[in-house]
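Taking it in order: structure first as structure tokens, then the write-up.
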Amino acid sequence: MTPLWYFLFGLSIFFMIFWSGKWVVHLLAIVYAKYRLHRKAQLLPLETGYPGVTILKPLMGADPNLFSNLETFFTMNYPLYEIHFCIEDESDPAIMVAKRLQGKYPSIVSKIFTGGSNVGVNPKINNMYEGYKASNHPLILISDSGIRMKEDTLLDMVNHLKDNIALVHQMPFTCDRTGFAGTLEKVYFGTAQARIYLAADLLNINCHTGMSTLVRKHLIDEAGGLEAYSCYLAEDFFLAKSMIDRGWKITVSSQPAWQNSGICEVQFFQARLRRWVKLRVAMLPLTLLFEPLSECLVLGACTAWAVYFLFNWDPILFCLVHTLVSLNFLVSISGVPAMSKKIGKKESAWEYNLKLCHALKEKDFEKVKEILTTEGSPKVNSIIVEGDIPLHLAINNGADIEIVKLLLKKGADVNSEDEDGELPLILAIEKKNVELALLILDSGADLYVKDMGGSTPLHRAAALGMTPIVEALLKRELYPDEQDSSRRTALHWAAKEGHERVVKCLLNRGASLQEVDRHGRAPLHLAAMSGHYEISCRLIDYGGDINRRDNNGRTCLHDSSWLGHVDVVRLLLNCNIEINATDHEGFTALHHAATRGHDDIILLLLDWGGDLSVQDKAGKTPLHHVMLRGHYDTIRMMIECSDDLNTPDHSNKTPIGYILCGMPSTTAFKLEKDYELCELIVKHAVRAKVMAKSEISAEDFTGLETHLSERRWNDVCSFFEACQEEILNIKQYEYQSDSISLYDFLTKPAKTLVMYAQNEDFADLLDLDEWVAEFPIYADFIKARISRAMRRRDWLILSARCLSSIVNRFLPHVKQFPDPPCYQILKSLTDLDLKILIKACYRSVD
Ligand SMILES: CCCCCCCC/C=C\CCCCCCCC(=O)N[C@@H](CO[C@@H]1OC[C@@H](O)[C@H](O)[C@H]1O)[C@H](O)/C=C/CCCCCCCCCCCCC
Ligand SMILES: O=c1ccn([C@@H]2O[C@H](COP(=O)(O)OP(=O)(O)O)[C@@H](O)[C@H]2O)c(=O)[nH]1
């Protein structure tokens, strides 16, 4: 017995023990797997409820399966969870994928965190850090990018988080993927790996992998937060270790982690295993010895030698039997038999899909043709990547018409929907590709089919101004007034988007002008709101009702005034729209124009008889709104031309009061720069107070404090006195006519002034400079009132002529319609009605 013999004897005993141990582990794993895995998830007891879970998804790059993998997180059956996508690089395409899912599942709480945080060496932790900090739930699920979930996976994991358990992880496995690499991965994770995880779980050994881990957040925080693990590359191992060191347990859940990365190739798989082995060797150096030895063939060879040495058994036979039995057992764990049938294929469907996708994107006709004619290639109507069907993909990539023809020839369904519910015809229209849209139309596309937004091809073509498509659709006797989900017809869309030719085409085909959308707006309303003058004209010519009210009681005049479309406003006024109609808030068009400070429209409306005295539901006149919103130029214009600045609203504030006390900050800001306007306001207020025979006090002007202090209160008081004095002088002013005084012009109601205006001398008064120079404070007031009275007088005269001619036409024997009743009739009309009457008569004369 030499020392060498003793050494070899010892070695063979070691191999025998290791071999037996491995078989024990192997058998234990199989039995334990039967007991532990694939249990149906139980509902949680009502008294504990369902703890909320924050799912951290560290993402880096997008592969062809990313969308559908991530989608499984949005369709889980768990009542309370949020998804935090963590994507370090702001240009990462994964952001688009995450956003699409957010759009598709708005009811699931999800957020995207970009930029990461450099808290340590571990890039995954750096990436997840912000998402972790923002988590709102007591449980955290860290889940790698390629993982898929089933509806009950999260419930299953939470089920396993018993009171003494800190962390539940899923042992790695893979989805069914055809091809050699897919099978290899599945075999590896289903056998050698599964065995270790199961045995380790049974024996309470820390063998945790971090690809899908549910953990209690407070335990991470107690250990110093996620950043405490950022100094390790194998953060998963140390995370579990820190829990175990504190007396907690870890366990595996009954469902394995379904890895389904879109990139499945042998070289990537090998690189990953090399990376992992380096980590394990760094943490547990004995790995260098034990891991190779635990491999089936190595252990078989070593033990064959041992049995030969110890028992003189045939080593070759032993080795063969060991390998055969091992393989048989391995196969039974992994479920490989089902997979192995697929190994024979030259290329996997996934590879074909990727190639087809690439060829379609590259618009490579020959390549597409080659792929589609290869046996085993994907079906032309199946989803190939991220929910897209070949036809959709081709169209989305600015399709080559020949490729689309080829796809159609190969049986592509022109009415197929992709995962987002998109349809080929609508996609082609969206891409504004007329030739393609016509081709799809001719290939039998359904004309009434609706996309996710409820739009038909006609709606989209009309909205995008594609006249040839609209014509082609209408030629097929399509019903033109189909409504989409917002109840808009094609005519609404064309009118809104300003496509005149489409509008014409639709009108010629009898499209209705009466349909209203969900806001109660007819096509004319939308055209006016968008400021499309020509289209508005055409719609009116075809009988569009200008006075139609929407659900807020607004006519197109309200909206076009608010939106500042002066041409359209003029057009509507020319068509005799009701100018002072009020909406549900009591707003006239003038109120709307005033709130937005459209000076040109305000002037136009005033010229057409817009009534500045109409009060809305809050008692405000248009002037209140001008003062409130503080459009500087409009304020100035109103103060200069208006004498209605003292009407109180329901909160007892006058328009000028809004400026004087507590005016909006924007106005205040602008006023600071304009002392002239400030002076104008003060003077206006003082003049008005004197006319109303009331006193002034400094409190009346609190909003203008800063300016007043500069100008000194004394100046205001002197101005007050000057006003009083001027009023006295005006009262005493001798005017030719005995019956009317200049003071009357200042104080008498408008109606009386119009009566005075019939006096021949009245007009002269305007030309007399004498009193203008004499009464510098009130001259503007007086002149404005005289001009307005004269303007109305002129309209009355003209209307009287119109009325007589109308009477004459119908009652020829009446030579002269008597003036008194004629004026009585006309006086009761508003300025606007007079104007309409005059216009109508002159038009009929033309
Ligand atoms: C007599 C008994 C004979 C049995 C001999 C068994 C010998 C051991 C053989 C194989 C060991 C396999 C170990 C399991 C592999 C774990 C996978 C792994 O390496 N993961 C690392 C990387 O994970 C990724 O890291 C980055 C992260 O972002 C990803 O999310 C992760 O997926 C991981 O970092 C390492 C973890 C350490 C695992 C420690 C393994 C201890 C093994 C002890 C096995 C004991 C079995 C006992 C049976 C009796
Ligand atoms: O710089 C990185 C590298 C990886 N990851 C994420 O970390 C997880 C695991 O990465 P990988 O798949 O590369 O690790 P493996 O499982 O292959 O070890 C994945 O969700 C990656 O998106 C990350 O956020 N930043």
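Below are the figures for this structure:
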{"read-out": "Among (1) within 16 Å of ligand 2 (Cβ to nearest atom); (2) modelled with pLDDT under 95, the one test that T213 misses", "value": "(2)"}
{"read-out": "The one condition in (1) under 27 Å from F73 (Cβ atoms); (2) surrounded by fewer than 19 Cβ atoms within 10 Å (Cβ to Cβ); (3) of a type outside the set (D, E) that H208 fails to fulfil", "value": "(2)"}
{"read-out": "Elements of type helices (runs of 4 or more DSSP H) contained in the range 476-529, each with 2 or more residues being more than 22 Å from S560 (Cα to Cα)", "value": "500-508"}
{"read-out": "Of the criteria (1) surrounded by fewer than 17 Cβ atoms within 10 Å (Cβ to Cβ); (2) more than 28 Å from the chain's Cα centre (by Cα), which one I403 fails", "value": "(1)"}
{"read-out": "Total residues in the range 62-93, condition closer than 18 Å to S117 by Cα and among the small types (G, A, S)", "value": "1"}
{"read-out": "Looking only at the range 487-514, and only at residues there that are more than 17 Å from M529 (Cβ to Cβ) and within 29 Å of the chain's Cα centre (by Cα), the one that is surrounded by the most Cβ atoms within 10 Å (Cβ to Cβ)", "value": "A490"}
{"read-out": "Residues of the range 58-68 satisfying the condition of being touching a strand residue (DSSP E or B) at 6+ places or on another chain (Cβ under 9 Å) and either in a loop (DSSP other than H, G, I, E, B) or buried (at least 19 other Cβ atoms within 10 Å of the Cβ) (or both)", "value": "P58, L59, M60, P64, N65, L66, F67"}
{"read-out": "Failed criterion for L11 (all others in (1) within 27 Å of the chain's Cα centre (by Cα); (2) surrounded by fewer than 17 Cβ atoms within 10 Å (Cβ to Cβ); (3) among the aliphatic types (A, V, I, L, M) hold)", "value": "(1)"}
{"read-out": "Options K355, K363, K369: the member that is in contact with a Lys or Arg (Cβ under 8 Å, 6 or more places away or on another chain) and either at pLDDT 65 or above or among the polar types (S, T, N, Q) (or both)", "value": "K355"}
{"read-out": "Close pairs (6 angstrom Cβ cut-off, 6 or more residues apart or separate chains): farther than 15 Å from A194 by Cβ in the range 206-221, assigned to a helix (DSSP H, G or I) and within 11 Å of ligand 2 (Cβ to nearest atom) anywhere", "value": "G210/D236"}
{"read-out": "Test for N260: is it at negative phi and within 12 Å of ligand 1 (Cβ to nearest atom)", "value": "no"}
{"read-out": "Residues (modelled with pLDDT under 80 and under 29 Å from I577 (Cβ atoms)) located in the range 818-838", "value": "T830, D831, L832, D833, K835, I836"}
{"read-out": "Residues within the range 276-306 that are closer than 24 Å to M16 by Cβ and of a type in the set (F, W, Y), tallied", "value": "2"}
{"read-out": "The range 414-435 residues that are under 15 Å from G465 (Cβ atoms), paired with ones that are surrounded by fewer than 18 Cβ atoms within 10 Å (Cβ to Cβ) (beta carbon under 7 Å, 6 or more apart)", "value": "K431/G398; V434/P468"}
{"read-out": "Positions within the range 133-160 being within 12 Å of ligand 2 (Cβ to nearest atom) and farther than 22 Å from M96 by Cβ, in sequence order", "value": "I142"}
{"read-out": "Matching entry among L273, L233 (being within 15 Å of ligand 2 (Cβ to nearest atom), farther than 26 Å from D163 by Cα and assigned to a loop (DSSP other than H, G, I, E, B))", "value": "L233"}
{"read-out": "Leading residue by the ranking (surrounded by the most Cβ atoms within 10 Å (Cβ to Cβ)) among those in the range 98-110 that are small (G, A, S) and touching a helix residue (DSSP H, G or I) at 6+ places or on another chain (Cβ under 8 Å)", "value": "A98"}
{"read-out": "Selection status of D550, assigned to a loop (DSSP other than H, G, I, E, B), crowded, with 18+ Cβ neighbours inside 10 Å and under 23 Å from the mean Cα position of the chain (by Cα)", "value": "no"}
{"read-out": "Residues within the range 141-160 that are within 14 Å of ligand 1 (Cβ to nearest atom) and of a type outside the set (D, E, K, R), tallied", "value": "6"}
{"read-out": "Filtered residues of the range 111-122 (kept if more than 16 Å from ligand 1 (Cβ to nearest atom), surrounded by fewer than 21 Cβ atoms within 10 Å (Cβ to Cβ) and of a type outside the set (A, V, I, L, M))", "value": "K111, T114, G115, S117, N118"}
{"read-out": "Some residue of the range 173-181 being part of a helix (DSSP H, G or I) and either within 16 Å of ligand 2 (Cβ to nearest atom) or farther than 14 Å from S253 by Cα (or both)", "value": "yes"}
{"read-out": "Some residue of the range 283-291 being more than 12 Å from ligand 1 (Cβ to nearest atom), assigned to a helix (DSSP H, G or I) and exposed (fewer than 12 other Cβ atoms within 10 Å of the Cβ)", "value": "no"}
{"read-out": "Any hit, the range 299-322, residues being among the aliphatic types (A, V, I, L, M), under 60 Å from the mean Cα position of the chain (by Cα) and either within 20 Å of R195 (Cα to Cα) or within 11 Å of ligand 1 (Cβ to nearest atom) (or both)", "value": "no"}
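Residues are listed down the side, and each one gets a yes or a no for (1) within 16 Å of ligand 1 (Cβ to nearest atom); (2) over 24 Å from C264 (Cα atoms); (3) surrounded by 14 or more Cβ atoms within 10 Å (Cβ to Cβ); (4) among the acidic types (D, E):
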position: K22; (1), (2), (3), (4): yes, yes, yes, no
position: L70; (1), (2), (3), (4): no, no, yes, no
position: N77; (1), (2), (3), (4): no, yes, no, no
position: M96; (1), (2), (3), (4): no, no, no, no
position: K124; (1), (2), (3), (4): yes, no, yes, no
position: Y132; (1), (2), (3), (4): yes, yes, yes, no
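The values are calculated or read from the model by the stated rules, or taken from the named source; none is laboratory data. Fair warning: this is a prediction, and the values are worked out from it, not measured in the lab. Reconstructed Cβ throughout: ideal geometry from the backbone, glycine too, with neighbour counts over all protein chains shown.
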